[in-house]
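A quick write-up on the structure given underneath.
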Amino acid sequence: MQKIKKVLVTGASGQLGTTIKSMRHRVEGSLQFEFTDSDDLDITSLESVKEFFGQKGFDYCINCAAYTQVDKAEEDSETALKINEEGVKNLAQVCHQSNTILLHVSTDFVFDGRKNVPYLETDRANPVSVYGHSKFKGEQQIVRNMDRYFIIRTSWLYSAHGHNFFKSMLKYGKERKELSVVFDQVGTPTSAHDLVEVLIMMITNEVDNYGIYHYSNEGVASWYDFASAIFEINDIAVDLKPIRSKDYPLPAERPAYSVMDKHKIKKVLDLTIPHWRKSLVEVSQIFKKESK
Ligand SMILES: NC(=O)c1ccc[n+]([C@@H]2O[C@H](COP(=O)([O-])OP(=O)(O)OC[C@H]3O[C@@H](n4cnc5c(N)ncnc54)[C@H](OP(=O)(O)O)[C@@H]3O)[C@@H](O)[C@H]2O)c1
């Protein structure tokens, strides 16, 4: 019989952490989760991280803790770096000392978006925002401080939980008759529910090809396409207008193209990834069920 694996989840009150919580029953008996939020475990304090790990013997740590406010980061780079670089360094060092495998979630925003074919794990990172820069610094700390890690870069994460574009569109769609969304930024929406399946598979399949992986749903969309599908699937009638990014200026620059190549993760997990539209239908159903 296989030993039950102990899995620590940091930053568990955010979108991804809440999604893991909602799906934990699927792996009862093989994984034992401990969920911590920023009050229980502040990853920016090395002492707290050391003390928390203590002798608990976690087999895995899934790091969902991050500074994710992309625009706010432009004027608060200190906090972004403290959490996304220093906090991640603390986790990497303590995981290494404790023989814990780290599953860390990173972002397509480490790229500059100047390519026009999907980004490979080996492509050069060149972030164009403070947030992207801080996440890349965090990745580098992991690579520098440990051997047994998975850095999983994902994009346009949404779910039935927390704050995300999908939920914002549902809200605006009910409040407004007309909405403008940018059509000149292209990437792939990713269901956090699908990402959690993949994180769980990495653990239960005992994958040991450590390193950097890209994971998103299949397909390509602009934010306009994504919004349009959200309204169509959820029967919301809104006059949706495509606009250029330059007509909707935000403090942080976003990569114009951030589609990721997923061959590596598909091979290692023997995975078939659902198209983003199929997953959007599923997430919409989960959201409806949970909102009742
Ligand atoms: N959302 C996206 O579109 C997207 C896209 C690509 C990649 N990602 C990555 O995916 C991961 C999960 O994102 P998410 O959408 O779940 O983000 P989220 O909803 O913003 O959750 C982040 C969590 O981190 C916690 N946190 C912040 N500082 C902390 C600290 N010092 N110690 C412990 N916890 C701390 C926050 O807690 P408090 O609220 O209490 O501060 C929050 O619960 C992140 O690494 C993000 O960079 C996200």
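The values are calculated or read from the model by the stated rules, or taken from the named source; none is laboratory data. Given the structure is predicted, the values throughout are model-derived calculations rather than measurements. With ideal geometry, Cβ positions are generated from the backbone for all residues, glycine too; neighbour counts draw on all protein chains shown. To get the accessible areas, we keep the full protein, side chains included, count just its heavy atoms, and leave off ligands, DNA and RNA. Shrake-Rupley method; radii C 1.70, N 1.55, O 1.52, S 1.80 Å.
Once you have a ≥ b ≥ c as the square roots of the Cα gyration tensor eigenvalues for the range 138-208, tell me rounded if a/c is under 1.5, and otherwise prolate or oblate according to whether a/b is larger than b/c. Judged from the Cα gyration tensor, the range 138-208 comes out prolate (a/c at least 1.5, a/b above b/c). Once the Cα-Cα distance is subtracted from the 0.36 nm per residue extended length, the K21 to E206 segment shows a gain of 64.5 nm. Across the range 143-292, C-alpha contacts under 8 Å between residues 6 or more apart give a mean separation that, scaled by the residue count, equals a relative contact order of 35 percent.
For the range 16-25, the Karplus equation 6.51 cos²θ - 1.76 cosθ + 1.60, evaluated at θ = phi - 60°, returns couplings of 5, x, 5, 5, 4, 4, 5, 10, 5, 4 Hz by residue, with Gly and Pro reported as x. Fraction of C-alpha pairs exceeding 16 angstrom in the range 1-40: 34 percent, rounded to a whole number. Summary of the geometry: the range 174-235 and the range 50-68, compared by the centres of their Cα atoms, lie 26 Å apart.
On the beta carbon distance between H263 and I4, with R0 = 22 Å, the FRET formula returns roughly 0.10. Scaling against 2.2 N^0.38 Å puts the C-alpha radius of gyration of the range 92-212 at 1.24. Based on protein heavy atoms only, the chain ends up with 48 Å² per residue of surface accessible to a 1.4 Å probe. Remark on Q32: its backbone amide H falls under 5 Å from those of K5, K6, V7, a criterion applied only to residues 5 or more positions apart or on other chains, H modelled at 1.01 Å from N. For the range 183-194, the Karplus equation 6.51 cos²θ - 1.76 cosθ + 1.60, evaluated at θ = phi - 60°, returns couplings of 10, 9, 10, 10, x, 9, x, 10, 6, 4, 5, 5 Hz by residue, with Gly and Pro reported as x. Close amide H contacts of V105 (hydrogens built in the peptide plane, cut-off under 5 Å, sequence separation of 5 or more or a different chain): N63, I152. For the range 25-65, the fraction of C-alpha pairs farther apart than 16 angstrom is 41 percent. 3J(HN,Hα) along the range 220-229: 9, 8, 8, 4, 4, 4, 5, 4, 4, 5 Hz, from the Karplus curve 6.51 cos²θ - 1.76 cosθ + 1.60 with θ = phi - 60°, whole Hz, x for Gly and Pro. Element breakdown for the chain at a 1.4 angstrom probe: carbon and sulfur atoms account for 47% of the accessible area.
For the range 1-148, averaging the sequence separation of C-alpha pairs within contact (under 8 Å, six or more residues apart) and dividing by the residue count gives a relative contact order of 25 percent. Ordered by 1.4 Å accessible area with all protein chains kept, D42, D270 run largest first as D270, D42.
For Y67, the residues 5 or more places off, or on other chains, whose built amide H falls under 5 Å of its own are N84. Under 16 Å between alpha carbons, and skipping anything fewer than 8 positions from K82 in its own chain: which lysines qualify? In chain and number order, the partners are K72, K135, K137.
Protection proxy ranking, highest mean first, for peptides 58-64, 175-181: 58-64, 175-181, where packing is the per-residue count of other beta-carbon atoms within 10 Å, averaged. Diffusion coefficient of the chain by Stokes-Einstein, Kirkwood radius over Cα pairs, 4 °C, 1.567 mPa s: 66 µm²/s.
When the Cα convex hull of the range 180-284 is projected onto planes of every orientation, the mean area is 7.7 nm². Take the Cα of T272, step 7 Å toward its Cβ, do the same at D39, and the gap between the two points is 4.4 nm. Its relative contact order, with pairs defined as Cα atoms under 8 Å and 6+ residues apart, puts the chain at 20 percent.
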